[in-house]
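Asks: Mind looking over this structure? Questions follow.
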Amino acid sequence: MIKIVNYNLSYYRNIRSAVLNFENYNVIIGTNNSGKSNFIQSFGFLDFVINAAAEEVNQAFETGFKGGLYEKVLPNKHYITEDAAAVPSIRFQMEWENTETNRRFSYGLTLSWRAGRSVAMTPIFYIDGESLSYKDLGKPGTSVRIFGRHENKVTYGADFPKFKSEASLSPSVSTIRLLQVLGTVNPAYSDALTSLNQVLKTPIFYFSHTELTKNSKDKLNIHNGRLIAFELEEEIIQLEQSPSWHIFKSAVHHVLGIDDVDIGSFKIGNNSHHSGQEIKYLSFTHARSIKNLKDFSDGSILLIALIVKVLNSGHDIFFIEEPENSTHPKALVDLVNFLQSFAEYKQFIITSHSIVLLNKSKVDQIITARQTEDGMSEFANVSSRKELKARLRSGTTNFADELFFDQSEVEDFD
């Protein structure tokens, strides 16, 4: 299993600081405009810097990321200055583990900028610092440095080969990109690169009922870096032949009261019983009637989609934005129980402003996001209910007084 251990982020968009430790199940709670989406999308931003086409990344660096998915990577007020040195650098520092290889990795990236010569003072970004290291958790000693970088100068660990191509590293090219191209026979280094990409390519689930129920040719699957739709009915049908089928049926029964899920079929194109194209279809038994997928409410379809992805996704980490949308409180509670029953071998990082979801989480699973008076946001773990209420009350919008903690037992799905 690949999982994020901690993540420090500062001055990315409206996030002043985020110094966070992660459990296998985590809820980032905060009001609207508290930076929750920016935080989740920062992983995709790192993936863009490291893995997108080199020409596209270079253009983004030279134009201040304007016009693309990650426009305005600096806080708004930082664009209106000629003194780039007075603006803090954007910093990312992440630790993650591969529990199968028993290794922990650490990657850091610092982006700085200088003012362009245009009248608009468009910032020109460059990689100011970068580092990668690993630690075998079953062995004594300190972490092993794979590389460290300051601007264009890269130094490697003692047992890492020195590449002649390092001298040509441009300000927008990540050292990770170089290592992926050149390759390595060292299993620890390969593990570092492979597992880092698994973390950064984690999809963000933010489903749209409208898109999920459209025909394939009209469906929009990705929007603003989020997975908003997929072939839901087709993937449910595929689950029937998997070990997860009975878990799916149990989950939709507990969460949505669906009594049964059935896959039927018929043949077209030939009168013969043994030939022709087989067409499969999906039906549900719910509230004493037979329904198809489109007969369910918006919230029910969103919950079904999320359950399907938890069961059939190859990812170990799940970023889930606002699962409470269009969902009544009881179904949301049952969804939390479902997700937590998978937390032994999956990691969930959920953003929300739902009191229901907050009340179903333990204190050590909660991360607060609060917006301060200057529009910047601060993220932090909490150690007690008292601290949680104080942090939620201290932002520009207060909903701490609505908190009520319910310590019900987590229900397992089998």
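Asks: Which of (1) surrounded by fewer than 21 Cβ atoms within 10 Å (Cβ to Cβ); (2) without any contact (Cβ under 8 Å) to a residue 40 or more places away in the chain; (3) not in a loop (DSSP other than H, G, I, E, B) is the odd one out, the single condition V310 does not satisfy?
Replies: Checking V310 against (1) surrounded by fewer than 21 Cβ atoms within 10 Å (Cβ to Cβ); (2) without any contact (Cβ under 8 Å) to a residue 40 or more places away in the chain; (3) not in a loop (DSSP other than H, G, I, E, B), the one that fails is (1).
Asks: Looking for whichever is in contact with a Gly (Cβ under 9 Å, 6 or more places away or on another chain), part of a helix (DSSP H, G or I), surrounded by fewer than 19 Cβ atoms within 10 Å (Cβ to Cβ) and acidic (D, E) here; the options are E56, E71. Which one fits? Lay out the reasoning, then the answer.
Replies: Numbers: E71 fails: part of a helix (DSSP H, G or I).
Among E56, E71, only E56 is in contact with a Gly (Cβ under 9 Å, 6 or more places away or on another chain), part of a helix (DSSP H, G or I), surrounded by fewer than 19 Cβ atoms within 10 Å (Cβ to Cβ) and acidic (D, E).
Asks: Can I ask one more? What is the residue count in the range 145-203 for residues that are within 29 Å of the chain's Cα centre (by Cα), part of a loop (DSSP other than H, G, I, E, B) and modelled with pLDDT of 85 or more?
Replies: Looking only at that region, the number is 9.
Asks: Just name the residue that is modelled with the lowest pLDDT out of those in the range 113-132 that are in contact with a Pro (Cβ under 8 Å, 6 or more places away or on another chain), of a type outside the set (G, A, S) and surrounded by fewer than 19 Cβ atoms within 10 Å (Cβ to Cβ).
Replies: It comes out as R114.
Asks: Could I ask something else about it? Please count how many residues of the range 134-157 are in contact with a Ser or Thr (Cβ under 6 Å, 6 or more places away or on another chain), within 14 Å of N186 (Cβ to Cβ) and charged (D, E, K, R).
Replies: Qualifying residue count, the range 134-157: 1.
Asks: List pairs: first in the range 8-29 and touching a residue at least 12 places away in the same chain (Cβ under 8 Å) and of a type in the set (D, E), second surrounded by fewer than 20 Cβ atoms within 10 Å (Cβ to Cβ) and part of a loop (DSSP other than H, G, I, E, B), Cβ under 9 Å, 6+ apart or cross-chain?
Replies: Going by the 9 Å Cβ cut-off, the qualifying pairs are E23/A343; E23/K362.
Asks: Is it true that S377 is among the polar types (S, T, N, Q) and surrounded by fewer than 22 Cβ atoms within 10 Å (Cβ to Cβ)? If you could, list the steps in order and put the result at the bottom.
Replies: Details: among the polar types (S, T, N, Q): yes; surrounded by fewer than 22 Cβ atoms within 10 Å (Cβ to Cβ): no.
No: the conditions fail for S377.
Asks: Could you please tell me which pairs satisfy a Cβ distance under 7 Å, a separation of 6+ or placement on different chains, a first residue in the range 376-393 that is closer than 13 Å to L9 by Cα, and a second residue that is of a type in the set (S, T, Y) and not in a strand (DSSP E or B)?
Replies: Cβ pairs passing all conditions: S377/S34; E378/T372.
The values are calculated or read from the model by the stated rules, or taken from the named source; none is laboratory data. Values in this document were obtained by computation on a predicted structure and should not be read as measured data. Virtual Cβ from ideal backbone geometry, glycine too; neighbours counted across all protein chains shown.
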